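Notes for the one structure printed next.
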Amino acid sequence: MKDLFQDVLGIEGVHGLLFLTTEGKVAFSHFVSGSPSDAGKIKDMNWPALVNELAGITEAEMMFDSGRLYIRKSSNGYLLVVLEDHAPVSMVRLNCNVLMPELNKQKLGRGFGQLLRRRKSS
């Protein structure tokens, strides 16, 4: 799945991203400068609560003291992109626009896994 998001991950100022299912389960996460212990922290977060709060929202940007979070809804879940303050959110938005049709036509589960394997082998 990393290949699917390679363009977004390659944007200057993007620290990483998560793809959450509509139930709030982490389907994918990759951080440019993350440690293995960070992966455990990500899985332990209360993502279902965030997904419940995002119900009805198709796009959002949250600003914090130490960065930003860009959130985009697809029919399969939510894409969360972690950004620095100076990251070009317009480039992130444009790359997400390109990704959405492919994410929307896929179903999470076996078919989604097959998409990811095809992406890695090409």
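Residues Met91, Met63 in ascending order of nearby Cβ atoms (within 10 Å, fewest first): Met63, Met91. As a rough footprinting exposure proxy, the listed residues His86, His15 were ranked by other beta carbons within 10 Å of their own, and the order from fewest upward is His86, His15.
Read the figures in this text as sums done on the coordinates, not as results from a lab. Note that this is a predicted model, so its numbers are computed, not measured. Cβ atoms come from the backbone with ideal geometry, glycine included; neighbour counts cover every protein chain shown.
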